[in-house]
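Some notes on the structure that comes next.
Bear in mind these aren't lab numbers, they're just calculated from the coordinates by the rules spelled out. Please read these numbers as outputs of a predicted model, since none were measured by experiment. Glycine also receives a Cβ, built like all others from the backbone with ideal geometry; neighbour counts cover every protein chain displayed.
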Amino acid sequence: MAAVIGWRKKDFWWQSPVVFLEDPAAAHRLVWDPFTVYSPVKFLLEWQASCAAKVGIFVKGCDSRGINRLLQDKRLERERVVVYGVPCGGKADAEKIRASFPAKGIKDVTLLGEQLVLTVGDREVRVAAEAYLLDKCLTCRHPNPVVYDKLLWEEVLPRQRADESRFARVQAVASLATEERFFYWQRQFERCIRCFACRNTCPACNCRVCIFDQAEPRWLGKANDPADTLNYHIIRAFHVAGRCFECGECERICPAGVPLQELNRKLIKDINEAYGDYEAGLDATDQPPLGTYRGEDPAGFDES
Amino acid sequence: MPVVNERFEPLIVAFCCNWCSYAGADLAGISRMSYASNVRIIRVPCSSRVNPGFIIRAFQRGADGVLVAGCHPGDCHYHSGNFFTRRRLTVLKQMIEYLGIEPQRFQVRWISGSEGAKFAMVMNSVAEEIRLLGPNRKLRDVR
Amino acid sequence: MKRIGVFICWCGSNIAGTVDIDKVAAAAGTMNGVVYVDQNKYTCSEIGQAMIKDAIKEYKLDRVVIAACSPRMHENTFRKTVESAGLNPYYLEIANIREQCSWVHKDKEAGTAKAISLIRTAVAKAAMNEALFAVEMPITRRALVIGGGIAGIQAALDIADTGFEVDLVEREPSLGGRMAQLDKTFPTLDCSACILTPKMVDVAQHEKIRLFTYAEVEKVEGYLGNFTVTIRHRARSVDLQKCTGCGECLAKCPAKVASEFEEGLVQRRAIYTPFPQAVPNKPAIDRAHCRFFTTGKCKVCQKVCPADAIDYEMEDRLLTNGYGAIVVATGFDTHKLNDYGEYAYGKHPDVLTSLEFERLLNASGPTGGKILRPSDGKAPKTVAFIQCVGSRDKAKGNSYCAKICCMYTAKHAILLSEKVPGSKAFVFYIDVRTAGKDYEEFYTRAYEECGASYIKGNVSKVFPEGEKLLVRGVDVLSGALVELLVDMVVLAVSVDARADAKELAKKLAVTVNEHKFFTEAHPKLRPVDTQTAGIFLAGVCQGPKDIPETVAQASAAAVKVAAIFSKQSLLSNPTVAEVEQKLCSGDMSCMAVCPYGAISEQVVEERRGREMVTRKIARVNVALCQGCGACTVACRPGAINLKGFTNQQILAEVDAICL
Amino acid sequence: MKITTDKVNSNLVREVEEVSGQKVSACFQCGKCSGGCPVVLTMDVLPHQVLRYAQLGLVDELLHCKTLWICASCQTCDSRCPRNVDIPKVIEALRLLVLRNKGGNYLHPNDLSEKVRRNAPQQGLVSAFRKFAK
Amino acid sequence: MKKVAKTKLAELFSAMAAWGKLYVPAVSDGIVNFVPWQEGLTVALTALNVLVPPKKFFFPQTETVLSYEMGEDLQLEDFACRAGERAILFAARPCDVASFAMMDKVYLDEPLDEAYRRRRENTTVIALGCSEPDEACFCRSFDIDATKAPGADVLAIDIGQELVLVAQTEKGERLISVLNGLLSEATSGDENRVKDEQEKNEGRYVTSVNLRGMMEKLDGMFAADYWEQLYKRCIGCGTCTFLCPTCHCFDLQEYAAGRRGERIRCWDACMFADFTQMAGGHNPRPSQKERVRQRFMHKLNYFPHQHGDYACVGCGRCVRKCPVNLDILEVIQEVGGAVDGL
């Protein structure tokens, strides 16, 4: 293998970025801690395009569905990737930790089973991990990798309440009246700074040249005014409809805190209700819902 | 926002599939039916040619209503075109309603080549519904 | 910058009536890229087209916008005009300001504003029109005719006579269709078999025609010039090569079934030929009623067959073949009378449908051509003919007029008077329609010479009265009540489309109207074409008509087919999809939605930095692609675009409309 | 009986259509209603002629004919009309046009003979007066 | 030196709002941003870095530069002269204030940006000293004192119950005089508390960087293979550039509609794939490596060469918000500057 993609520790307690290790001797730098959240899967695109050798990659449950996503979109050659599956009990949310502990005092944070262990200043604090986990981990239904060559340790049990809380937020927004809903989304999208982080991190957005980066025709203006921002989010949500596997990264890394999961999960809920339950990223060979049809599909409009 | 003799006149963009609804529109003409003049028809080969990008672009550029008209399921000249349209535009319509856009703003109707009367009726009902809703302020470009 | 010419048509007063042409012309002049505006009373006329050609040359126009009637009407005409002036035909764009503007908006101000907007949209699109070139495609010079009645026979013969191969598929064991059941035909009283049987034999013997009886169309794919059709050859259980048609088996077969050909008046055997002059005159085993197939015991026919032609193991065979064009000639059924209890059909044996009466008239029919009452076998002295049974009835029948009943009832009245001397025909009618050559004279002969008495008034009820029948109605003209005691009642049943017409239409991807008659491309100008190029209609499957019209349509369809086959090659529709290699990520989501399987994976080599790498992208087979555009939406980065309806063009149209 | 321009232009057709809710102009005189009407023998103007008169605006003849009061609304004709015209409703509309005029009542209490008044079932009397009087 | 009790801040704000458009930091859905002040809005005094830095007031993310209409002749309308309504920016942090000086070097230098100049001139900046720097703050390393804001018109220091206001420019004086009625004189006790705040500030930092010789070191590193292993994890989004107070790149876009239209200036990010996309399809920075190198070379080498100091104010936004934690701290440390305290 030419390289292994994993995570390493960086300066601050909450920083565990992705790392590309080419020299086996540096394997010690690899780390598994409550902050190794960022999904390394999309880097495989660049890697496979630039070098022919095999590459290893560590994947959590959510990341592994990203592998299937790229395989299904024919952007990845399975045999050139060695997948190390890492069952994951959930990752910590630095914001939640900062809200309860003096950030400057924290030295390091580790997860032991259901316990979060922090060294703050010189004393050690143990708290229940549940309250400090990322939202996306609380609704995670596939903590164990769905595709791997080798599994690092045995599988973990998914959270019980993961299922009902999956569409809870979507339900809450949907129950608002039309005008209230518009005002809610207007407030959210007003903060969007159009940095495209959500698109660039999303394994479902794996096009060679994204439609928003094309000048001729110009589908989306570069100006950050409300109509264009809404246009961007509607079209992106539509493009990943039936392909998004709810890894929640877009919402997590959005600097402006736009609740993108509520939008993507709304489409997943609609597709499940209308065209039958479909979970993206589990089987790399099936056909996404919008790429197929059945004669007796129901319609969301008056078919008389 | 065009106001003709003190009444709000909405602008409606209609994507009509060449084989059925566009033919239905022609039949409405041949039979000299009359319907609201607010609608502007864009001819597309099949309703499955209509990209959500066109629909959002129309709203962004100031259309007050958008209609996509295609063949009845099973009648599509290209066999399966409108089956894909049905799934795509159902997902899109429910999404923009979820984002707070009034449901009547964006409509999809199946109109066959022999349903001239239905075409005129749909045009009138869509124009009326949008007239009641008032101008499109939510999706419109501020420029 | 484009040099666009806008030509606004008056269309007499059709457009000029509700659209202020001058105002529209003025507005057109100000649009981006428009350098020349002109108007003409009849742009599609000779002078109109000449004006366009001159303007193109004089003002060196490179795009043309014609604001006139629907593109579905004259797009091809105007494309030829533009082409003859040296421009690529696809530099033309049409603004539909007649069917979709002047004809549907009475208010002149609104009509004018809309016309301007439609022209602005067409100009915006025209500015982006690229030159498109049709691709030459091979044609399979073989036609498929579905249905072996007079329509199918005539079409097949005419096509074959122009030298092209024809496959004729007939569901029944023999050719003939409806016409074979008839005795005489109006208005000439020709014997139906005499004019039909020779044609059937011609079909059987024509070296260019392959006849597949007892076979149905299973699946149709492809498009004009390249249809691929799978035909189900139902197991006939009789080997056509070996069978000599001696008829031994017909006599010996113990199983008896109501004969469809004889409209159930008499029975036939499980192994049967529909009628004596059948072509091929070889039997088929009706497995639903054959003792061997239902109970496992019998095999009488095999024992008696001198030629050992019976083969019980025969299976349905599915054969697939290529065709360049298809003619649909599937004929019609008679209207089912279960909603018409008032006529006592089925309650009294002497109440017959017109087709049953026709079988009585027929020499090879159940009564050898004599008109006898099914109840007691005597010749009826008085017969009541009731018209429009199931026709012109919005409440519980067909809303349309079935067109042929008035004429065949007149024929029945004439034949009755000839076959049963001293008999009397009463015809209850709403209106007698004789809209053909010599039709009125034929009808006059019925009531003047043959003594038929025509009573204007639809019969309200038929009461069985002993062995006779009491017919109750009113004579609308005199206002007098009518109560006649007659020996027989004949119901002129309506013409229905085939029950399975919709399924066949789905297979062919053509449409049917609410009565399930096939929809023609244009009721006046293209009655034998369908919306789908290469598929033609002949006969009653397109709507009620008599034999002369059916034959005329069949020959018309044949010429249309021959016109296609006579071309060197077919010019494919150039508005097909096109992949831009730079944008294509190779995820092939376009391939999944293509109804014609026109998209395939292709390996390309391209430079990346210093070395050459290979990767897979999508490729469109322009011969298969029909230009529906479903792939352009499935392709998220817009790498696959549809020529003639590109993303740029449609966005430009949307922008122009919303100006 | 003569068809004159003012008769044809009278708005009787529109009035009958409005009150009855039926499209009188749909009738194309096929005669099936008259043929099957059980009480047609006693009628002076046959059902299909009622429609014809209405179409041609022959007001007086219609409003003074006996048919209006004979028709028992048994719907036999309606069940067979190929044009979906509900003839009993049309005749009911004509009755109403008569009854609504001043003094238009067709049946007065003292018209009834003593025997009828004493023996006729009450329901019969009630429905008679609902039909024949305001 | 003036002071005002925190309890009377609401009055102060409405007075300011009467004088000019007032912008204050406020929290919405957990995110702090500068928003126009309205009655009853709770001002987030303790929030350190707002999400979108106040550069947006002088160099907005989207602004119309000119509009045109093609009638008989071409009507052109310049929008620069419309900019610069009178405004007050309340509670800008010292690091952001320092970034204004850096941005001035770009937009007030030749060729002068008129709209920018007018906005700078008509906006009174009230800086708010930081009493509790975050772990990611390292403005100290760029010798920016979190309790002093030399570039601001008025410096405010939080001394517990009150805010001490020190006018530092003539514009500041004018604002203080307008608000005089609501302010009271600061006592000597208050002054001591301010001085004490300013001394204590030094020790409150957890992170700082050693920039000695950074610019010179980078001179020779354009072709270094350090960039090769650094860039791999960058996903090319615009978070760092859009949130960075000193990033000032923009793109011009046409919004045409028939015969009229507008030319728009909007932020652009060197990290975007199409930032240097040429018309012919060529892109001098084809891969993410050139773009990542460009970003740090510009901040730590090109800008200092051209304008004298580093194009970074140590606000820590890129450290906190980068999805893949690729920030300037790491570069400085690995290129050669020491990052003590970690």
Taking segment C:481-507 and the residues there that are of a type outside the set (Ser, Thr, Tyr) and part of a loop (DSSP other than H, G, I, E, B), the one that is surrounded by the fewest Cβ atoms within 10 Å (Cβ to Cβ) would be C:499
Please work out which residue is nearest to residue E:47 (Cα to Cα), limiting yourself to segment E:58-116 and to residues that are among the β-branched types (Val, Ile, Thr) and in a strand (DSSP E or B). E:88
Within segment E:216-234, residues being in contact with a helix residue (DSSP H, G or I) (Cβ under 6 Å, 6 or more places away or on another chain) and in a loop (DSSP other than H, G, I, E, B) number 1
Give me the residue from segment E:249-301 that is in a strand (DSSP E or B) and either under 21 Å from residue E:313 (Cα atoms) or of a type in the set (Gly, Ala, Ser) (or both) and, out of that set, nearest to the other protein chains (Cβ to nearest Cβ). E:257
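If the requirement is being surrounded by fewer than 13 Cβ atoms within 10 Å (Cβ to Cβ), in contact with a helix residue (DSSP H, G or I) (Cβ under 9 Å, 6 or more places away or on another chain) and either under 18 Å from residue C:582 (Cβ atoms) or not aromatic (Phe, Trp, Tyr) (or both), which of these qualifies: C:609, C:629, C:638?
C:609 is the lone residue from the list that is surrounded by fewer than 13 Cβ atoms within 10 Å (Cβ to Cβ), in contact with a helix residue (DSSP H, G or I) (Cβ under 9 Å, 6 or more places away or on another chain) and either under 18 Å from residue C:582 (Cβ atoms) or not aromatic (Phe, Trp, Tyr) (or both).
Specify the residue that is surrounded by the most Cβ atoms within 10 Å (Cβ to Cβ); the eligible residues are those in segment C:220-254 that are of a type in the set (Lys, Arg) and farther than 19 Å from residue C:152 by Cα. Before the answer, list the steps.
As a first pass, look at segment C:220-254 and keep what is of a type in the set (Lys, Arg): C:232, C:234, C:236, C:242, C:252.
Imposing the further condition that a residue be farther than 19 Å from residue C:152 by Cα reduces the set to C:234, C:236, C:242, C:252.
Values: C:234: 18, C:236: 23, C:242: 14, C:252: 14.
Here the residue is C:236.
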Can you tell me which residue in segment C:70-119 is surrounded by the most Cβ atoms within 10 Å (Cβ to Cβ), limited to those that are in contact with a Gly (Cβ under 6 Å, 6 or more places away or on another chain) and assigned to a loop (DSSP other than H, G, I, E, B)? C:104
Among (1) in contact (Cβ under 8 Å) with a residue 12 or more places away in the chain; (2) touching a helix residue (DSSP H, G or I) at 6+ places or on another chain (Cβ under 6 Å); (3) within 11 Å of chain A (Cβ to nearest Cβ); (4) surrounded by 24 or more Cβ atoms within 10 Å (Cβ to Cβ), the one test that residue B:87 misses: (1)
Please indicate, with yes or no, whether at least one residue in segment A:244-256 is touching a Leu at 6+ places or on another chain (Cβ under 8 Å), under 20 Å from residue C:648 (Cβ atoms), more than 8 Å from chain B (Cβ to nearest Cβ) and not acidic (Asp, Glu). no
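What are the residues in segment E:20-56 that are in a helix (DSSP H, G or I) and either closer than 12 Å to residue E:90 by Cβ or without any contact (Cβ under 8 Å) to a residue 24 or more places away in the chain (or both), if any? Full working, then the answer.
If we filter segment E:20-56 for residues that are in a helix (DSSP H, G or I), which is where we start, we get E:55-56.
Result: E:56, single match.
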Could you check segment C:596-659 for strands (runs of 3 or more DSSP E) lying wholly inside it with 3 or more residues that are more than 8 Å from every other protein chain (Cβ to nearest Cβ) and in contact with a Lys or Arg (Cβ under 8 Å, 6 or more places away or on another chain)? C:599-608
If you go through segment A:259-267 one residue at a time, do you hit one that is buried (at least 22 other Cβ atoms within 10 Å of the Cβ), at the interface with another protein chain (Cβ under 7 Å from one of its Cβ atoms) and assigned to a loop (DSSP other than H, G, I, E, B)? no
Exactly one of these conditions fails for residue C:568: (1) in a loop (DSSP other than H, G, I, E, B); (2) among the polar types (S, T, N, Q); (3) crowded, with 21+ Cβ neighbours inside 10 Å. Give me its number. (3)
I'm checking my understanding of the structure. Among residues of segment C:448-480 that are within 14 Å of chain D (Cβ to nearest Cβ), in a loop (DSSP other than H, G, I, E, B) and surrounded by 13 or more Cβ atoms within 10 Å (Cβ to Cβ), which one is nearest to the chain's Cα centre (by Cα)? C:458
As an exercise: evaluate residue C:398 against (1) touching a residue at least 24 places away in the same chain (Cβ under 8 Å); (2) within 17 Å of residue C:425 (Cβ to Cβ) and give the number of the one condition it does not meet. (2)
Out of everything in segment B:40-50 that is outside any loop (DSSP other than H, G, I, E, B) and touching a helix residue (DSSP H, G or I) at 6+ places or on another chain (Cβ under 6 Å), what residue ends up being farthest from the other protein chains (Cβ to nearest Cβ)? B:47
Within segment A:176-185, can one find any residue that is basic (Lys, Arg), more than 10 Å from every other protein chain (Cβ to nearest Cβ), farther than 30 Å from residue E:282 by Cα and assigned to a helix (DSSP H, G or I)? no
Could you check how many residues of segment B:51-84 are facing another protein chain (nearest Cβ under 7 Å), of a type outside the set (S, T, N, Q), part of a helix (DSSP H, G or I) and farther than 21 Å from residue A:278 by Cα? 7
Can you name the residue in segment D:29-50 that is at the interface with chain C (Cβ under 7 Å from one of its Cβ atoms) and not in a helix (DSSP H, G or I) and, of all such residues, is farthest from residue D:80 (Cα to Cα)? D:46
From the residues in segment E:60-77 that are surrounded by 12 or more Cβ atoms within 10 Å (Cβ to Cβ) and of a type in the set (D, E, K, R), which one is nearest to residue E:258 (Cα to Cα)? E:69
